[in-house]
1. Indicate the gyration tensor shape class of region 227-297 (rounded, prolate or oblate), computed on the Cα atoms with a ≥ b ≥ c the square roots of the eigenvalues: a/c under 1.5 is rounded; otherwise a/b larger than b/c is prolate and the rest oblate.
2. Using only Cα atoms, what is the ratio of the radius of gyration of the chain to 2.2 N^0.38 Å?
3. How large is the charge dipole for region 176-218, taken about the Cα centre, if only the Cβ atoms of Lys, Arg (+1) and Asp, Glu (-1) carry charge, to the nearest 20 debye?
4. Taking the alpha-carbon centroid of each part, what is the distance from region 89-131 to region 45-60 in angstrom?
5. Taking θ = phi - 60°, what integer Hz values does the Karplus form 6.51 cos²θ - 1.76 cosθ + 1.60 yield along region 244-260, in sequence order, with x for Gly and Pro?
6. So what is the relative contact order for region 62-202, in percent, with contacts set as C-alpha pairs under 8 Å and at least six apart?
7. Which whole number of Å³ per residue matches the convex hull of the alpha-carbon atoms in region 3-158?
8. Give me the percent relative contact order of the chain, please, defined on Cα pairs under 8 angstrom at least 6 residues apart.
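Just so it is clear, none of the values below were taken in a lab; they were calculated from the coordinates. Just so we're clear, the structure is a prediction, and the values are computed from it rather than from any experiment. Neighbour counts are summed over all protein chains in view; Cβ atoms, including those assigned to glycine, are modelled from backbone coordinates with ideal geometry.
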Amino acid sequence: MSVTVRVPAKVNVQLAVGAARPDGFHDLANVFLAVGLYDEVTAAPADELRITCAGPDAAQVPLDRTNLAARAALALAARHGREPAVHLHIAKDIPVAGGMAGGSADGAGALLACDALWGTGASREELLEICAELGSDVPFSLVGGAALGTGRGERLTPLEVGGTFHWVFAMAERGLSTPAVFREFDRLGQGREIPEPVASQPLIDALAKGDADALAAAVSNDLQPAALSLFPELDRTLAAGRAAGALAALVSGSGPTTAFLVRDAESAARVARELRASGTCRTVRTATAPAPGATVL
C-alpha cells in the first residue's frame, strides 16, 4: 500500500518584509497564491526512512534528513511514538531553489502522505502546527488557494479569490539561497527605517474580484532589490517579460524564478514564447491560480 499526495507551488503576490527580529527572522505580510505546478510525494512502507526523487532538477534535491519531506516524517512519527519507517518518493515538477516553495511543498506533501499511510489521524490544527515548525512556507503548501501569512509567514488567514489568474514563470540558470537574499535585504537596509509590514488592501480586493489589471498594479516584493543585487541578470528576464506584454513582472519570493502576470491563456502562450526566445532564462512554464493545497490522490 502507498499514498500519493499532490502539492502546489506558490507565488508571492505581495511580500512585505520588516526589520530583522532578535531571533534572526523577519516579520512579514506575505500574500501567497498557490499555482498549478505540482510535486507529488508518495509514501510507502519501508524498513527505514528513505528519500528518492525524480524529475527536473532532481539531482539538486537532498536525499538525507535535511530534506523537508524527511523532517516532516520524523516530526509526525515522534509525536505519535512510532518509527519513521517509510520510503518517500518525490516526483519533482516545482523548480528547485526557485522561490516557489518546492521544498516546503514536499514537506507538506510528505506530512499528509505519512498521516494517511500510518493512520495517525492528526487533526488539521496538528498538521499545521508541525508545518509551522518545519518552515515559514510549509503551512501554506498544505492549505493552498490564497492566504495572508503573518509572523514569519506561518500564521495564515485565507483570502478569497474571485477568478482565475494566468501566470508565466521563467526559471533562472542558477539558484538563489533564501537566507542569502534576506542577509542582502538587511545589508541594503542598513541605516534606514524599515516600516512594519502591512498587507495591501487594494491587492486583497483585486484577488477577491479576480481583476488581473488591479492585481498587476498592486503586486510587490520587498526582497526583489536584494535578489537583483545578488543576481543582476534577472533584470534582463523581467524586462523581456514586460516587453512581451506581461501585465506585471516580479521576482517570485526570494527568487531567482521570475513571475509574469498575464491577462489570459493566449497572452500566457505569447509571453512564454518570447521569454524562451529571449535567451534570458533556462526554462519557461505557464500555470493558472489559485490551485488547491496538498491533496491525497
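1. Judged from the Cα gyration tensor, region 227-297 comes out oblate (a/c at least 1.5, b/c at or above a/b).
2. On the way: Rg = 18.5 Å, N = 297, 2.2 N^0.38 = 19.1 Å.
The chain yields a ratio of 0.97.
3. Dipole about the Cα centre, nearest 20: 180 debye.
4. That distance is 14 Å.
5. 7, x, 5, 6, 8, 9, 8, 6, 7, x, 7, x, x, 4, 9, 10, 10
6. This gives 20 percent for region 62-202.
7. Dividing the Cα hull volume of region 3-158 by its residues yields 105 Å³.
8. Worked out over the chain, it gives 26 percent.
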